[in-house]
Structure formats: C-alpha cells, structure tokens
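Read the structure below first, then the notes.
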Amino acid sequence: KVVAWNEKYAAPTVAIGLAGDFFRRFEQQYADRIPTAAGDLTPYWEDGAASTARETGMNRASADRLSQATALFAMRTPQTYPAAAFAEAWKNVLLYSEHTWGAWCSISEPDSPFTLDQWRVKQAFALDAERQSHDLLAQALPPSPADAAPIEFFDVFNTTQWPRTDLATIPADWSCKGVLDSDNRPVPTQRLADGSLVFLAEDVPPFAARRYKLTQQATPAKGRAWVGGNRMRNGELTLELDPETGAIAHLHVSGFADDFVDPKAPVQINDYRYLLGVDPEDAQPNGPVTIRVVDPGPIVATVEITSDAPGCEQLVRQVRLIHGLNRVELINHVDRLSVREKDAIHFGFGFKVPNGQIRMETPWGSVRPNIDQLDGANRNWYTVQRWIDVSNENAGVTCAPLDAPLMQIGAITANLLGSVPFDQWMTESLDSQTLYSWAQNNHWHTNYKADQPGRTTFRYALRPHQDEFDPAETARFGIETTRPLLVAPADPNRPPTPQLLQISDEHVLIETVKPSEDGKALILRLFGVSDQNRDVTINWGDGLSPMTLHRTDLSEQPLEPESGTIHIPAYGVVMLRAQPS
C-alpha cells in the first residue's frame, strides 16, 4: 500500500520507519525552525506513589538490589549470568512503577472484589520483584559451605566505583565472636541488639572484595559512637533529640560551630506531621515520646523514640550514628490506622542553611526548583530519585529519602484534591530550606488506594557537609545509601574478587555494569553527574583480558568503536559494550 500510494500521489511521500528514523529526518530538515526549551517538566501524577508507600519503598529497594546483583555477576562469574531471570525481575519492577495503579473505583468502592483483585495484581509486581531481587543477589554472591560447615572466612563486597569505608554486617546466625583482617589483626566489632555483629570495613576497593576471618575470640569494641539520654555523637557528628517531640533539635559537624537545625522553621529534623483534610494549618504533631537506647556504641549508637501519633496506632522512630561516618540514619516505622478520609503523613526537615540552594536528583539529571523548571511544571511537590541537597557556598545538608520519593519545599503544599483548576497550583516554589517528605497520602479520587493500614517503614540518611555543593560527592552519597557493602562466605583456597575496572573521572558514574545478554561482553552505562562535559578513560583490573570498546544502546549490540578517551556530555548517558579482544 505504501508503494501504491507513492506511485499514485506526488506528495506527501510515505516511508516506513521507526520513531528514531522520523525524528532524525525531522531534525535534519527543520532543526533551525523548531523552537526549543530546556528544563524539567516536573510531573503531577506521581502523588499516587505514596498511596501504596510500603510497596513503593519495596520496589525502589528491589531496583537497587538488582543493580548490585548485576554488578556482582560482572565482577565474579559473568559466564553464569541468568539473563532471563533478570529480565523477569526488571519487568516486575517496571510494571509496579508504571502508571495504571488500580481500579477506577479504588476510592469510591475500596472493598469491592473488582478493586481488591486489581490491587492484588498490582501489589504482586512489587512482591515478586522483591523476592526475585533477593534470589538473584544470593545467586550472585558466593554460596555458604555445602556441607553446612562453620564459616571461617568471608568477603566484603563493594559494588561501586570508589573505595568504601562503611559498616559491614555479619548475620546473627553466623557462629562467631570476632573478626580478623587479612593480616590476622583484630578488627573492632560490636554485637547489636538484633544479634548481628558489625564492624567498619575500611578501604574496600572499587568493584572488588576484601577478605576477613571469623574468630571465636571476641575482638575489642573500639569507636566513638556514643549515646547518653537524648544526645548522640560519633566523632564526626553531634546531635540532640527534642525530649518532647523526638525530632532532632540540634545537629552539628565536628569543628563547625553552626547548627544545621533552624530554630525558626516550623519543624525540626525528622519531625512528624499528620494532615487530615487539606488545610496545612490543621497538621498535627505526634504525642509525648519515650526515648530508649537500643545500641549504645562504640561502633553503632541507636536510639528508639516511641510515641502515639494521629493517624497511627503507633509511631516508632530510630536514629543511628556509626563511628567515623558523616551520616545520620533515620528509620521511621509508621503503624497506620485505616483512614479513608483524605489524609497524609509527612516528616519535616527544618534545615538551617542560610540562602541555601536546593537541588534534587531526578532520573539522569539534577534540578533546582524554579531555575531549572519549565513553565507548567509542578511546584506543589517534587519527585526525588536518590538525593535532595540544600547548600550555600560554605555548607549544606544532603538528604537521601530511600523509600519515600515525594518532597515539598517550605510548607505542606501537597494539599490539592483531585483535578483542580490550574490557577490553584503554585507557579513558583517557596524560597525556603525546609523540606517535607510526603510519605503517605490517599488524595487522588479514582485509581489509587483509599487507605494503607499497618506498618510501613521510611528510611532517610543525612549528610551535613562543610563545603559547597559537589555533584560527584553528592551522587556518591546517594548511591552508597542504596547499595551497601555486602558480606558473603569465602573459599580460603581462592583469593578475594579483584578489582574489575576503574574510571578516570569521579564526575562520571558507572551507573550500571552487567554481563551482556549474549554472554560475550560487559555492558557499562556511564552518567555524567555535573554540568560539564567530561572525557574519561577506563582501566581494567589486573589479569583481565584486553577489552575492545564499542558504543551500544539497549540492544547491547556493538555500534561505533571507542578507543582512548570517551566523551561524556554534561548530564549525558553513554552505554558501552566491552568485549575481550
């Protein structure tokens, strides 16, 4: 029919092609006449991600777990990479995240069989992805001894491109009392309240493992993590909890006089707010708190803050500091009541960073509110990938919202119900350094869930810093919070996994490294995290065969050859296929 059309008519000429073919030809002919605009068209529909917050947080964790598993297969046994199993797991991650959440009558008829059946299907994507991601990570790591013999040696794996010093956790069911390093020197350890044994694994090489040995002799517990009453410190940070609210009332970096908590802000740090209805003036805090020490230090100090809270059966928040690390870990357990009136849960973060500029990570980008947003973009709430940062030229704070992606700036501004006239939406973000994590809501009126009773956990990590915003450092922090060091049994007759590769520029992240689907190569996905173009080189680890590099795409087939330096555009993504020469 296409041939017949072209033979019969002089114009227009019809051609068969893909979308890419069309746009390339369109650009070639009309590039100088196409109006262009750059910026973030911050979306609106993402509010529904917080209507099933437990599964949303679960799915975010599954995605990073799968990324760690693919890296481990690339580091250890690329020839055994189960491509079909990973494809199925990623399919479930994506099917949970895509837009069609539930039945059209989820709000009006929340208990109807149609609504419940639709939710079971949607929820199953997240549950299946979580199970599959755990299974694939277990396959990627070395197995436990087949004969159930006691574990004697173990490795700590780093699946990122920079050396890591971070907490390593030995499961409670491993029979041991202490840890020795590869030179048989005692490593300070601490037994936590949950039975696990923890220590600080130092300088674990990039995309590699470091070997340790278990011992039945207790190794000394040394460190500077400490808790006393409502005060905590770890040698890098000092904080104080408000004895009435349980929020962080003061936060200091060692050697830095300024407090990172703004006393003039409407909230402190990790401050609970419950809104029933839509008027922000009606937002309610939690009730009186009980503070108890869970882990006293000296490697990990943890306190637990328990209280009643409106909208909840109970609110339990934990604050954790780790010896020597510039990181505050917050773990909030919200045990929700079944509330079907319009309501929402928030955690406020009243940061004191005078004249601080907010930046947040979005997929393949960094956005400054107002400055980097297109006309018509959402200013009432924002969707955050791994981090949101508030910085001036001297200092700042980075927050990693591991489970809850939705954020508001300056006030509770996510208080519009359903489809409202456009003039009710904000056209400018508030000029503020106070953030609100929009953890849960049931605000939409059709296909999102009407309530979410039961326990949901919201984790946050904070990194106060005494310098201006650094895109590479911030990106590393975001990845470290979602891709922890991993512990697995080791075969003493084999050396620890050596370093896979190294990249020459810290402003280019290796977002993904995986075996190719055809089993013949490694696939790298590189991301430039700054607003500057970068030229990088890749150095492969000792003992690896020389690699031939080609550009590639989602097909993973070799395209243009690469040699020497690789050009990475600012905020650009480049995929490479590395095949043994």
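The values are calculated or read from the model by the stated rules, or taken from the named source; none is laboratory data. Here the structure is a predicted model, which is why all the values come from computation and not from measurement. For neighbour counting, all protein chains shown are included, and Cβ atoms are generated from backbone atoms with ideal geometry for every residue, glycine included.
Please state which one of Leu72, Leu94, Leu66 is within 24 Å of Leu402 (Cα to Cα), at pLDDT 95 or above, of a type outside the set (Gly, Ala, Ser) and loosely packed, with under 14 Cβ neighbours inside 10 Å.
So the residue among Leu72, Leu94, Leu66 that is within 24 Å of Leu402 (Cα to Cα), at pLDDT 95 or above, of a type outside the set (Gly, Ala, Ser) and loosely packed, with under 14 Cβ neighbours inside 10 Å is Leu94.
Go through (1) out of contact with any strand residue (DSSP E or B) (no Cβ under 8 Å at 6 or more places or on another chain); (2) on the phi < 0 side of the Ramachandran plot; (3) surrounded by fewer than 19 Cβ atoms within 10 Å (Cβ to Cβ) and name the single condition Gly519 misses.
Of the numbered conditions (1) out of contact with any strand residue (DSSP E or B) (no Cβ under 8 Å at 6 or more places or on another chain); (2) on the phi < 0 side of the Ramachandran plot; (3) surrounded by fewer than 19 Cβ atoms within 10 Å (Cβ to Cβ), the odd one out for Gly519 is (2).
If you go through region 121-156 one residue at a time, how many are free of Cβ contacts under 8 Å to residues at least 24 places away in the same chain and β-branched (Val, Ile, Thr)?
Number satisfying all stated conditions: 1.
Name the residues in region 559-581 that are in a loop (DSSP other than H, G, I, E, B) and without any contact (Cβ under 8 Å) to a residue 24 or more places away in the chain, would you? Walk me through how you get there before you give the answer.
Start the filter on region 559-581 by keeping residues that are in a loop (DSSP other than H, G, I, E, B), which leaves 559-560, 563-565, 569-572, 581.
Within region 559-581, Leu559, Glu560, Ser563 qualify.
Which of the residues belonging to region 428-468 are among the β-branched types (Val, Ile, Thr), at pLDDT 95 or above and more than 20 Å from Asn355 (Cβ to Cβ)?
Passing the criteria: Thr456, Thr457.
Could you pull out every one of the strands (runs of 3 or more DSSP E) wholly within region 242-343 that has 1 or more residues that are assigned by TED's automatic domain parsing to the domain that holds Gln440 and among the acidic types (Asp, Glu)?
269-276, 289-296, 300-307, 312-322, 328-336
For region 97-135, what are the residues that are of a type in the set (Val, Ile, Thr) and modelled with pLDDT under 95? Spell out the reasoning first.
Taking region 97-135 first, the residues of a type in the set (Val, Ile, Thr) are 100, 107, 115, 121.
Answer for region 97-135, where residues must be of a type in the set (Val, Ile, Thr) and modelled with pLDDT under 95: Thr100, Ile107.
Have a look at Ala140, Ala149 and point out the one that is under 20 Å from Tyr212 (Cα atoms), surrounded by fewer than 20 Cβ atoms within 10 Å (Cβ to Cβ) and aliphatic (A, V, I, L, M).
Residue meeting the stated conditions: Ala149.
Do we have Ile510 as in contact (Cβ under 8 Å) with a residue 24 or more places away in the chain, outside the structural domain of Leu251 (by TED's automatic domain parsing) and surrounded by 21 or more Cβ atoms within 10 Å (Cβ to Cβ) here?
yes
So for region 317-335 (the condition being surrounded by fewer than 20 Cβ atoms within 10 Å (Cβ to Cβ), out of contact with any Asp or Glu (no Cβ under 9 Å at 6 or more places or on another chain) and charged (D, E, K, R)), does at least one residue qualify?
no
Looking at Gln79, Gln118, Gln29, can you tell me which residue is free of Cβ contacts under 8 Å to residues at least 40 places away in the same chain, part of a helix (DSSP H, G or I), among the polar types (S, T, N, Q) and loosely packed, with under 15 Cβ neighbours inside 10 Å?
Gln29
If I filter region 52-68 down to residues being among the polar types (S, T, N, Q) and in contact with an Asp or Glu (Cβ under 9 Å, 6 or more places away or on another chain), which single residue comes out as nearest to Gly478 (Cα to Cα)?
So the residue we want is Ser67.
Would you confirm whether or not region 6-23 contains a residue that is in contact (Cβ under 8 Å) with a residue 60 or more places away in the chain and assigned to a helix (DSSP H, G or I)?
Looking for residues that are in contact (Cβ under 8 Å) with a residue 60 or more places away in the chain and assigned to a helix (DSSP H, G or I), one finds none in region 6-23, hence no.
Based on this model, can you work out whether Thr169 counts as modelled with pLDDT of 95 or more and in contact with a Lys or Arg (Cβ under 8 Å, 6 or more places away or on another chain)? It would help to see each step written out before you state the result.
Details: modelled with pLDDT of 95 or more: yes; in contact with a Lys or Arg (Cβ under 8 Å, 6 or more places away or on another chain): no.
Answer is no for this residue.
Is it the case that region 131-143 has a residue that's outside any helix (DSSP H, G or I) and either touching a Leu at 6+ places or on another chain (Cβ under 7 Å) or assigned by TED's automatic domain parsing to the domain that holds Thr456 (or both)?
Checked against the condition, which is being outside any helix (DSSP H, G or I) and either touching a Leu at 6+ places or on another chain (Cβ under 7 Å) or assigned by TED's automatic domain parsing to the domain that holds Thr456 (or both), region 131-143 yields at least one hit.
Among the candidates Thr512, Thr497, which residue alone is of a type in the set (Ser, Thr, Tyr), closer than 29 Å to His134 by Cβ and not in a loop (DSSP other than H, G, I, E, B)?
Exactly one of Thr512, Thr497 is of a type in the set (Ser, Thr, Tyr), closer than 29 Å to His134 by Cβ and not in a loop (DSSP other than H, G, I, E, B), namely Thr512.
Suppose we keep only residues that are among the β-branched types (Val, Ile, Thr) and over 18 Å from Pro310 (Cβ atoms) within region 257-274. Which one would you say is nearest to the chain's Cα centre (by Cα)?
That would be Ile269.
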